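> This structure is in structure tokens; I'll ask about it shortly.
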Amino acid sequence: MVGLADVAVLYSGGKDSNYALYWAIKNRFSVKFLVTMVSENEESYMYHTINANLTDLQARALGIPLVKGFTQGEKEKEVEDLKRVLSGLKIQGVVAGALASEYQRRRIEKVAKELGLEVYTPAWGRDAIEYIRELLSLGFKIMVVGVFAYGLDESWLGRIIDEKAIEELVTLNRKYNVHVAGEGGEFETFVLDMPLFRYRIVVDKTKKVWEHCTSSGKLIIEKAHLEPK
């Protein structure tokens, strides 16, 4: 199945799900739905949780219907929750932003197989540096909203990824094995703009939550709005 199929994109609001969406549109898939899983468990094994409530705003910027599924975030049960949501959609395939996580990819593939859906993971196995540089070259505006790895400090929260940030991530990769694209859970992102957005997202108010004991934290976007591009 190549192009023209009706698909849903698993959508967290971060860079990888937005790239998966971009790829699907550019390859002539008909994206019928964005699917966001809202987890009660911030330590979800499957789903990005930081600022997931703002996928509504991103969906408005894109003009694509958003379907939200809810899960308590219990390991493995949260996969069944995804299956329940996808089973109610009239689609032929699902597109995901998995880059290197075997855990996520295998579970998405299992759900899709049980539902008779095709799975597309366009970023899978890509070189992390080449991949993230491509996002910048395409015009993605990516904000760091969570950091969870040694070497990434509070100053990264709210930072927009640019070439200088990539160079610093490459250095951290050499020193501490931090994945340059954050696929090991080292950092999480939120996309403010990309080529398919009809409007850009402007952040009005944020709150940093920093845990000194674990040297990790997140940036909560408390208020944001859309502006014409």
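For (1) in contact with a helix residue (DSSP H, G or I) (Cβ under 8 Å, 6 or more places away or on another chain); (2) modelled with pLDDT of 95 or more; (3) at positive phi; (4) in a loop (DSSP other than H, G, I, E, B), each residue gets a yes or a no:
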position: Arg133; (1), (2), (3), (4): yes, yes, no, no
position: Ser137; (1), (2), (3), (4): no, yes, no, no
position: Val145; (1), (2), (3), (4): no, yes, no, no
position: Ala149; (1), (2), (3), (4): yes, no, no, yes
position: Thr171; (1), (2), (3), (4): no, yes, no, no
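> Taking the stated definitions as given, is Thr189 among the polar types (S, T, N, Q) and surrounded by 14 or more Cβ atoms within 10 Å (Cβ to Cβ)?
On the way: among the polar types (S, T, N, Q): yes; surrounded by 14 or more Cβ atoms within 10 Å (Cβ to Cβ): yes.
Considered against the rule, which asks whether it is among the polar types (S, T, N, Q) and surrounded by 14 or more Cβ atoms within 10 Å (Cβ to Cβ), Thr189 comes out as yes.
> Quick one: count up the residues across segment 173-229 that are part of a loop (DSSP other than H, G, I, E, B) and under 14 Å from Lys141 (Cβ atoms).
5
Every residue, every condition in (1) of a type outside the set (Val, Ile, Thr); (2) open to solvent by 60 Å² or more (accessible area, probe 1.4 Å), yes or no:
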position: Lys77; (1), (2): yes, yes
position: Val85; (1), (2): no, no
position: Gln92; (1), (2): yes, yes
position: Arg105; (1), (2): yes, no
position: Ile108; (1), (2): no, no
position: Arg126; (1), (2): yes, no
position: Val147; (1), (2): no, no
position: Lys164; (1), (2): yes, yes
position: Gly185; (1), (2): yes, no
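> What number of residues within segment 11-40 satisfy the criterion of being hydroxyl-bearing (Ser, Thr, Tyr), in a helix (DSSP H, G or I) and either at pLDDT below 95 or open to solvent by 20 Å² or more (accessible area, probe 1.4 Å) (or both)? Break it down into steps so the answer makes sense when it comes.
Pass one, segment 11-40, residues hydroxyl-bearing (Ser, Thr, Tyr): 11-12, 17, 19, 22, 30, 36, 39.
Filter once more, so that each one left must be in a helix (DSSP H, G or I): 17, 19, 22.
After this cut, where a residue has to be either at pLDDT below 95 or open to solvent by 20 Å² or more (accessible area, probe 1.4 Å) (or both) as well, the list is 22.
Total satisfying the criteria: 1.
The values are calculated or read from the model by the stated rules, or taken from the named source; none is laboratory data. In this text, all values refer to a predicted model and were calculated from it rather than measured experimentally. Cβ coordinates were reconstructed from backbone atoms using ideal geometry, including for glycine residues, and neighbour counts include every protein chain displayed. The area values use the complete protein model at the heavy-atom level, side chains included, leaving out ligands, DNA and RNA. Shrake-Rupley method; radii C 1.70, N 1.55, O 1.52, S 1.80 Å.
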